[in-house]
Amino acid sequence: MALAIVLIALLIGVVLFHAASPWWLTPLASNWGLIDDTLSITLLITGAVFIAVNVFIIYCLLHFRRREGHEAEYQPPNKKLELILIGLTALGIAAMLAPGLFVYADLINPPDDALVVEAVGEQWKWSFRLPGKDGRLGTSDVRFVSPANPFGLNPADPHGQDNLLVSAPELHLPVNKPVKMLLRSKDVLHDFYVQPFRARMNLVPGMVTYFWFTPTQTGRYEILCAQLCGVGHFNMRGYVVVDSEADWRAWLGKQTTFAQSQLQPATPTQALSGDALVAQGKALAQSKGCVACHSATGSAGVGPAWLGLYGKQEHLTGGKIAQVDDAYLKEAITTPNSKQVEGFQPIMPKIELNDQEVNALVAYIKSLSGKGGEQAAQK
Amino acid sequence: MAYAEHHAPQSFWTKYVWSQDHKVIAVQYTITAILVGLVALVLSDLMRMQIGFPGRLAFIDANHYYQFVTMHGMIMVIYLLTALFLGGFGNYLIPLMVGARDMVFPFLNMLSYWVYLLAVLILMASFFVPGGPTGAGWTLYPPQAILPGTPGSDGGIVLMLISLVTFIVAATMGGLNYVTTVLQARTQGMTLMRLPLTVWGIFVASIMALLAFPALFVSGVMMLFDKLLGTSFFMPAMVSMGQTLAYKGGSPILFQHLFWFFGHPEVYIVALPAFGIVSDLLSVHARKNIFGYRMMVWAIVIIGALSFVVWAHHMYVSGMNPYFGFFFATTTLIIAVPTAIKVYNWLLTLWRGNLHLTTPMLFALGFISTFAIGGLTGLFLGNVSTDIPLSNTYFVVAHFHMVMGVSPILAIFGGIYHWYPKVTGRLLNETLGKLHFWVTFLGTYAIYFPMHYLGILGMPRRYYAYPNYEFIPPSAQYLNAFITVAALIVGVCQLVFIYNLIRSVFNGQPAGPNPWGAASLEWQTPHTPPQHGNWGPALPQVHRWPYDYSVPEADADFLPQTSTSPLTIDEATHGHGDKP
């Protein structure tokens, strides 16, 4: 009896929870309304079955529980009933599978006029590449990857020369134009997941994968990595900004081509100072992926948090204590893992930076500790 | 096997430690699996603390979090569930239910347990190596599993792979034994169509384990080669942390195919014994024959066969050839039909029964409810286009915990409450048992039901924290805190079960030979607990199926399989299937 009452309460509870839940699909921002429709059909059918199963159990508990004088019925097999149930189940299954497969056929066939955009993943940052005027992306291979050629583009491929390289983890796309995303990873598995777009795919080292969608709402959307890619996985974030066609063109005009990136020195040579230097450092921390491990807010991460770091005494493995000052930070950035802070793993990658960029990062880290850090470091 | 040859061992060591008696080995397997399962339970509560109350426990950094996630998953799936169903229930029940004196290869059986224990110890050792255990997720996907950037990518992953390979050796020795015993050692009259569904479930699961585990074995060996010898089975050319690696030409997706060729049948290796146990518990405690026995047997066999052609539904967004999606979505949804039949037949077994709401029965009923949720949400994930937005979110976590975490565990608990009296001669305490049921059943609902909604919202799984993600409303954190509290309560409640297990050995109410009035053979032994050799001088003779409950005009409300009464509706005896 208790079980029957509890099951009734449970059933009412889950239905109410479903009705009241503020946690549901994010508003759709792409053409994949059909995926949402298939989800709704599935929810309807499975929800009805779930309720029916529980109602049946409750009915049995109320009517057939052990009582004085009550006996079980000896029940012969019933082929007809079983066949009816098999038939009904098969129908329900077909009602879910058929629309699902039709949607899937669309999902894997990008339209021919789709804008081709490449997303490159590495531990733990995103970067992007867009084609130039000819609409084609040049070939690439990890053996071409170097500090001067982080995308690993084939220098001999003419189609690659006008490709636009976006090393900041923010991609702009034009609204209402189909996009075919090509996905490439330099190191481990990643997954390009923007929930409001619904469609997504893994990035697999050694191959190029794809998916497509048409953004239908302008706005800024978070890219999440949704395939475990190591200890910085949860912070491997980026953004897709869906612009009007005009805004997108303007953004596109500001990006550097591969050819330009090979001609120019990697960074502007003019010496920045003050706030401009800090701003450059902040941008570098984003584009080089530092923030995946080092939080600027003080929250725990894979590496030491930067908030209040400057001027602090760090406990190193082996018992030594180090004063965090300019020299300490420069050494930590340019020769990672040479000193090991207690409680952290020696897994920081070496990232190619010129002196000016190192100064910018140090200035940014410094700025996160305010004046107090400065004084402490000088003591 | 003549009875005279079967001398009972005399000393403590040969009787309880180096024992070749299937009943002792079953208890050894069960105790080891429960102990290692408690480790995994603690790990799950620790990881829930981090999700529900981020940063509150300072020692759980990102490395530890991923290590807890990984070890929790692997221990629960392999070292608890697989070992307990096959090594524990399989060992204890197969010889008793088919009317054999022991497994056909008792020495191999003993070896199986000790090799299993070795695998467990190797796994536990990985907690103590530099860098700690692997944090690659229980799926151990390369390349990240063996590259820096993932915790435990040196000693941890190596020990994990060695432990898995060792476990498979143990499981193979056990599996051969279980299959051969069912095929060769059934007593007179025990046709295949008179086997209890528990035996059918464990029998088919053992065959599947023999066919599926080799895929995990080879992928484990290949990954060890990649890690230790520098081969490139799963490793393409990569630039990791700014370093160009020496690997080239390997395929990470190849590993995923091998892993899931094992991994999906593994779901049913765990589920089929649970199906069987639940079928028997429902029939005994509803005092009614199982509905559609033949269909239930065929459903087990068909599910077992189909489960080998659905594996890539775990890989819809892996980057494999997208055309595979059509095939695997179709096979996956087809497997829902025999699975649904099992649920219908359980429900129809309750219809017009006489439901005795004992603790085992409560767990069996709870199983139907949680399995229904897990099975139905599987339809979202099996159907390729609905899987795409949900893949790798908390929807997946909620789904597989309902279907292959909570449900099999409820079946295990039900089974232990049901057969404990045969193993020890004493009943478990019913009050504590009911408390254990209520907290576990309602608690797991509270944990996993709302979790589906976080997944639909799009919260990815395997995130150490969700700092400043704009699309996640703050209310999601409250829900996560609620789930954590529920998980802690369920975790603590398992101590009630452990206490009941230990206390009842000494203080439990004496059970007598057949406290539930069950018809199957294991309850008809001359002694309780059964002695070495199980049956005394003469093996039992079987005259009917194991489901003759409430037979009209019979003297008792059940007819044991050994009864010679002509009354029955046994399909195998009176239908067209009366062949040995």
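Here are a few things to note about the model shown:
- Proximal aspartates and glutamates relative to A:K254, as straight alpha-carbon distance under 16 Å, when same-chain residues fewer than 8 apart are discounted: A:D162, A:E170, A:D243, A:E245
- Accessible surface of B:V218, taken over heavy atoms with a 1.4 Å probe and every protein chain present, rounds to 60 Å².
- Only Cα pairs under 8 Å and 6+ residues apart enter the sum, and on that basis the relative contact order of the stretch A:184-308 stands at 17 percent.
- Computed Rg/Rh of chain A, alpha carbon atoms with Kirkwood Rh: 1.13
- For the stretch B:58-193, the Kirkwood radius over C-alpha pairs fed into Stokes-Einstein at 25 °C and 0.890 mPa s yields D = 150 µm² per second.
- Chains B and A together bury roughly 9800 Å² of accessible surface, counting both sides and using a 1.4 Å probe on protein heavy atoms.
- Cα centroid separation, the stretch A:1-53 to the stretch A:90-124: 24 Å.
- For the stretch B:371-390, residues shielded by at least 30 square angstrom of accessible area compared with the chain on its own, probe 1.4 Å: B:L376, B:L379, B:F380, B:N383, B:V384, B:S385, B:T386, B:I388, B:P389
- Peptide A:97-107 has a mean shielding of 6, counted as Cβ atoms of other protein chains within 10 Å of each residue's Cβ.
- Each peptide in B:72-85, B:517-530, B:342-355, A:101-114 gets a packing score, the mean of other Cβ atoms within 10 Å over its residues, and the list from highest to lowest is B:72-85, B:342-355, B:517-530, A:101-114.
- Binned Cα-Cα distance frequencies in the stretch B:410-499 - 5 Å width, integer %: 3, 12, 19, 18, 12, 10, 9, 7, 5, 3, 1, 0
- Kyte-Doolittle mean at least -1.0, axial Cα span of 27 Å or more - DSSP H helices of chain B: B:22-52, B:106-125, B:155-184, B:197-228, B:252-285, B:324-350, B:359-382, B:430-457, B:475-507
- Ranked by how many other beta carbons lie within 10 Å on average, peptides B:160-167, A:8-15 from highest: B:160-167, A:8-15
- Comparing A:L83, B:I253, B:A271 along the charge dipole axis of the protein assembly as shown, the residue lying farthest to the positive side is B:A271, per the Cβ-charge model.
- For chain A, calculated [θ]222 nm from helices alone, where every DSSP H run of n ≥ 4 adds -39500 (n - 2.57): -12500 deg cm²/dmol
- Residues of type lysines that B:K288 reaches as a straight line, Cα spacing below 23 Å, ignoring anything fewer than 8 places off in the same chain: A:K79, A:K80, B:K342, B:K422, B:K434
- Tail fraction, Cα-Cα pairs, the stretch B:134-178, threshold 15 Å, whole percent: 47 percent
- Student exercise, chain B dipole from Lys, Arg, Asp, Glu Cβ charges, in Debye to nearest 20: 200 debye
- Once you reduce the stretch A:129-167 and the stretch B:135-205 to the center of their Cα atoms, the two points are 47 Å from each other.
- If you look at the Cα atoms of the stretch A:269-378, you get an Rg and a Dmax of 13.1, 41 Å.
- Reference-scaled alpha-carbon Rg (2.2 N^0.38 Å with N residues) for the stretch A:11-69: 1.70
- With 5 Å bins beginning at zero, the pair-distance distribution over Cα atoms of the stretch A:28-155 amounts to 2, 7, 9, 11, 10, 9, 9, 8, 7, 6, 5, 5, 4, 3, 3, 1, 1, 0 %.
- Cα gyration tensor category, rounded, prolate or oblate, for the stretch B:259-327 with a/c compared to 1.5: prolate
- Restricting the calculation to Cα atoms, the stretch B:112-190 shows an Rg/Rh of 1.23 when the hydrodynamic-style radius is the Kirkwood one.
- Projected-area mean, the stretch A:304-367, by convex hull of Cα positions, square nanometres: 4.1 nm²
- The stretch A:169-267 - charge dipole about Cα centre, Lys and Arg +1 at Cβ, Asp and Glu -1, debye rounded to 20: 140 debye
- Dipole size of chain A about its Cα centre, with +1 on Lys/Arg Cβ and -1 on Asp/Glu Cβ: approximately 500 debye, rounded to the nearest 20.
- Overall size of the stretch A:48-94 from C-alpha positions, given as principal axis extents largest first: 45, 26, 7 Å.
- With bins 5 Å wide beginning at 0, the percent of Cα pairs of the stretch B:391-433 falling in each bin runs 6, 20, 18, 16, 11, 11, 8, 6, 4, 1.
- Eligible lysines near A:K330 by straight Cα distance, threshold 20 Å, same-chain separation 8 or greater: A:K282, A:K288, A:K312, A:K320, A:K339, A:K350, A:K366, A:K371, A:K379
- Out of every Cα-Cα pair that chain B contains, those further apart than 47 angstrom amount to 12 percent.
- Volume of the convex hull of the stretch B:234-369 (Cα atoms only), normalised per residue: 130 Å³.
- With the convex hull drawn around the C-alpha atoms of the stretch B:313-426, the volume per residue stands at 118 Å³.
- Cα radius of gyration and Dmax for the stretch B:380-536 (Å): 21.2, 70
- For the stretch A:115-261, a/c is not less than 1.5, where a ≥ b ≥ c are the root eigenvalues of the C-alpha gyration tensor, and a/b does not top b/c. That puts it in the oblate class.
- Shape parameters for the stretch B:1-134, alpha-carbon atoms, Rg then Dmax in Å: 18.9, 65
- Residues of the stretch B:210-260: accessible area per residue with a 1.4 Å probe, Å²: 41 Å²
- Put simply, the protein assembly as shown fits an ellipsoid with semi-axes of 55, 30, 25 Å; these come from the alpha carbon gyration tensor as the roots of five times its eigenvalues, largest first.
- When you filter the trypsin sites (Lys or Arg not before Pro) in the stretch A:289-333 for DSSP loop state and at most 13 other Cβ atoms inside 10 Å of their Cβ, you are left with A:K320.
- For the peptides A:178-191, B:48-61, residues were scored by their other Cβ atoms within 10 Å and the scores averaged per peptide; the highest-first order is A:178-191, B:48-61.
- Peptide B:250-257 - average C-beta neighbours from other chains (10 Å radius): 3
- Separation between Cα centres of the stretch B:241-267 and the stretch B:53-98, rounded to whole Å: 23 Å
The values are calculated or read from the model by the stated rules, or taken from the named source; none is laboratory data. Keep in mind that what you see is a predicted model, and the values were worked out from it rather than measured. Every residue, glycine among them, receives a Cβ derived from its backbone with ideal geometry; neighbour counts consider all protein chains shown. The protein model used for the area step is the full one, side chains on, heavy atoms only, and it has no ligands, DNA or RNA in it. Shrake-Rupley method; radii C 1.70, N 1.55, O 1.52, S 1.80 Å.
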